[in-house]
Amino acid sequence: MNSSIEHNPVIEGHPWKRAVSWIAFLSLFFLLTYSFTNWFASRRADVPSIAFGWERRVPFLPWTIVPYWSIDVLYPISLLMASTRLELDRQARRLFAAQLISVFCFLLFPLRCVFERPETSSAFGWLFRVLFGFDRPFNEAPSLHVSLAVVLWIFFSARLQGFRRNAMRAWLVLVIISTMTTHQHQFIDLPTGILAGLLAVALVPDDAALRVRTQRLRRAAFYLSGSVLLAAIVIKFAGSAAQAR
């Protein structure tokens, strides 16, 4: 009886130390890989862009740098909120999977952002200067911001109720929109980011009861990934052919 109590995940102590360890590991992984993929793309002379004409009319809204940066706060909060080791490891692995998928795509199909980033002298200028200090116009599709927002949406939706849940969802939608209003991403980066986030969740399912649903989601994500990849290849080579003429 004592052994069953010791292994009961409901009454185990809050895994604070493990959460801090996960935060440290994931932060280091992000800094190293994100910087490397930026550097890798910058060394290439033929990094393409995928953008629609209407995107040039997307307004630059300096204040949206706040929701854009907030992902860096919500990310560790989700890990600290996990009340059991099982919940914590599942959330951490989903975040890790989202980063791993994005990094793989950044290396395999690097893209360049065509937005012109204006100088910002407003109260939000400092946040932009810090961002531009380490970020470059690469690491575009899928948007890591968007994929992480999807993982956070699912996590917080399961743990918050009523107004707090709706407020969190609205804020995460704003985070996704801010990727364009800060002129950090093109539109193609948003749906591919959502796809990457859903794929990360599918790769780390909740429990056996969701296995069937997860298998369906994996298949859907696989087919959608293939479609997006094929479309990107067609667009890239169509543009190259047009330039050759």
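The values are calculated or read from the model by the stated rules, or taken from the named source; none is laboratory data. Values in this document were obtained by computation on a predicted structure and should not be read as measured data. Cβ coordinates were reconstructed from backbone atoms using ideal geometry, including for glycine residues, and neighbour counts include every protein chain displayed. Calculation scope for accessible area: heavy atoms of the full protein, side chains included, ligands and nucleic acids excluded. Shrake-Rupley method; radii C 1.70, N 1.55, O 1.52, S 1.80 Å.
Could you please give the count of residues in the stretch 181-194 that are modelled with pLDDT of 90 or more and either open to solvent by less than 50 Å² (accessible area, probe 1.4 Å) or not in a helix (DSSP H, G or I) (or both)? Selection size over the stretch 181-194: 4. For the stretch 195-204, a residue qualifies if it is buried (at least 22 other Cβ atoms within 10 Å of the Cβ) and free of Cβ contacts under 8 Å to residues at least 60 places away in the same chain, and exactly one does: LEU195. Residues in the stretch 142-165 that are in a helix (DSSP H, G or I) and of a type in the set (S, T, N, Q) were compared, and the one that is least open to solvent (accessible area, probe 1.4 Å) is SER147.
Could you please let me know if PHE106 is open to solvent by less than 20 Å² (accessible area, probe 1.4 Å) and among the aromatic types (Phe, Trp, Tyr)? Yes: the conditions hold for PHE106. Flag: LEU127 matches the condition of being in contact with a Phe, Trp or Tyr (Cβ under 7 Å, 6 or more places away or on another chain), over 26 Å from ARG90 (Cβ atoms), open to solvent by 10 Å² or more (accessible area, probe 1.4 Å) and in contact (Cβ under 8 Å) with a residue 24 or more places away in the chain. On the stretch given as the stretch 61-98, residues that are open to solvent by 50 Å² or more (accessible area, probe 1.4 Å) and in contact (Cβ under 8 Å) with a residue 12 or more places away in the chain total 11. Restricting attention to the stretch 105-150, the residues that are more than 19 Å from ARG56 (Cα to Cα) and of a type in the set (Ser, Thr, Tyr) total 3. Residue count for the stretch 110-126 under the criterion of being more than 23 Å from TRP54 (Cα to Cα) and at pLDDT 80 or above: the result is 1. Here SER121 clears all of (1) more than 24 Å from ILE194 (Cβ to Cβ); (2) open to solvent by 10 Å² or more (accessible area, probe 1.4 Å); (3) touching a residue at least 12 places away in the same chain (Cβ under 8 Å); (4) not hydrophobic (A, V, I, L, M, F, W, C) except the condition numbered (3).
Would you be able to say whether some residue in the stretch 131-141 is part of a helix (DSSP H, G or I) and within 27 Å of HIS14 (Cα to Cα)? No; the residues of the stretch 131-141 include none that is part of a helix (DSSP H, G or I) and within 27 Å of HIS14 (Cα to Cα).
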